């Protein structure tokens with residue numbers, strides 16, 4: 001009984017700790033009745049707050065491109081290392097987890113000279129942040145994909161497909177990927193959540209994204225700034241629900 005009471009006490013305290021700021025954000029952002037309808041009116045939002053509209057579009061583009069780039073680079077590499085280079089796996093894992101140990105401010109110091117050349121050859125578009133974000137999401141995406149690969153017998157599946165005449169591309173795309181779909185979705189969700197919430201690198205490299213736009217907007221219109229922040233949190237929550245439903249649907253289908 002004491003253990004159950006302690007468990008519910010901890011859950012209640014943690015629930016209040018996480019929900020109270022959200023309730024405060026809802027209360028503050030609804031003081032002006034025109035705030036939330038404004039967020040649903042894209043033409044008016046773009047006209048009244050052009051910097052915010054640019055930041056939203058930039059973050060959505062960054063999230064989409066970073067997710068695709070991360071999956072294209074990481075998933076085939078993780079599968080290939082599992083199948084053909086198992087001795088190299090500790091080194092690959094170390095390299096993928098390394099950005100997690102380096103603070104974002106230190107990463108910016110290292111990335112600044114690189115982005116000076118990126119600006120020179122490509123330009124200062126905010127979409128160029130996808131290269132930095134791909135490195136930033138590697139620790140989270142790698143653990144998700146690696147966990148999915150650990151849950152199945154990749155070598156047996158690959159050998160069976162190869163014995164039936166399948167090429168390596170077919171093995172990866174049509175045999176292994178369907179079995180780690182939940183892990184790939186998890187990696188994609190983590191990537192989107194991180195990109196939508198990233199501020200330090202974009203700010204210090206003088207690029208525009210959602211969080212930078214919210215920070216500037218907070219100086220002129222705090223109500224809209226809080227409302228947009230809350231909407232971004234709700235979007236991440238919806239993505240998590242979609243991921244859970246997709247994982248459950250896969251389990252029922254299999």
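The values are calculated or read from the model by the stated rules, or taken from the named source; none is laboratory data. A quick note: this is a predicted structure, and the numbers were derived from the prediction, not measured. Neighbour counts are summed over all protein chains in view; Cβ atoms, including those assigned to glycine, are modelled from backbone coordinates with ideal geometry.
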Report task. For region 78-87, indicate whether the set of residues that are outside any helix (DSSP H, G or I) and in the same structural domain as residue 200 (by TED's automatic domain parsing) is non-empty. Result -> yes
Report task. Within region 110-129, track down each residue that is modelled with pLDDT of 80 or more and not in a helix (DSSP H, G or I). Result -> 125
Report task. Would you check if there is a residue in region 28-35 being assigned to a helix (DSSP H, G or I) and at pLDDT below 85? Result -> yes
Query raised in the report: Does region 145-156 contain any residue that is within 16 Å of residue 197 (Cα to Cα) and under 20 Å from the mean Cα position of the chain (by Cα)?
Result: no
Report task. Show the residue pairs that are 6+ apart or on different chains and have beta-carbon atoms under 8 Å apart, the first residue being within region 5-29 and closer than 19 Å to residue 225 by Cα and outside the structural domain of residue 222 (by TED's automatic domain parsing), the second being outside any helix (DSSP H, G or I) and at pLDDT below 85. Result -> none
Requested in this report: Would you be able to say whether some residue in region 158-168 is buried (at least 18 other Cβ atoms within 10 Å of the Cβ), in the same structural domain as residue 189 (by TED's automatic domain parsing), touching a residue at least 24 places away in the same chain (Cβ under 8 Å) and in contact with a helix residue (DSSP H, G or I) (Cβ under 7 Å, 6 or more places away or on another chain)?
Outcome: yes
**Report entry** Exclusive hit being in a helix (DSSP H, G or I), crowded, with 16+ Cβ neighbours inside 10 Å and touching a residue at least 40 places away in the same chain (Cβ under 8 Å), set 73, 107, 97, 45
**Finding:** 107
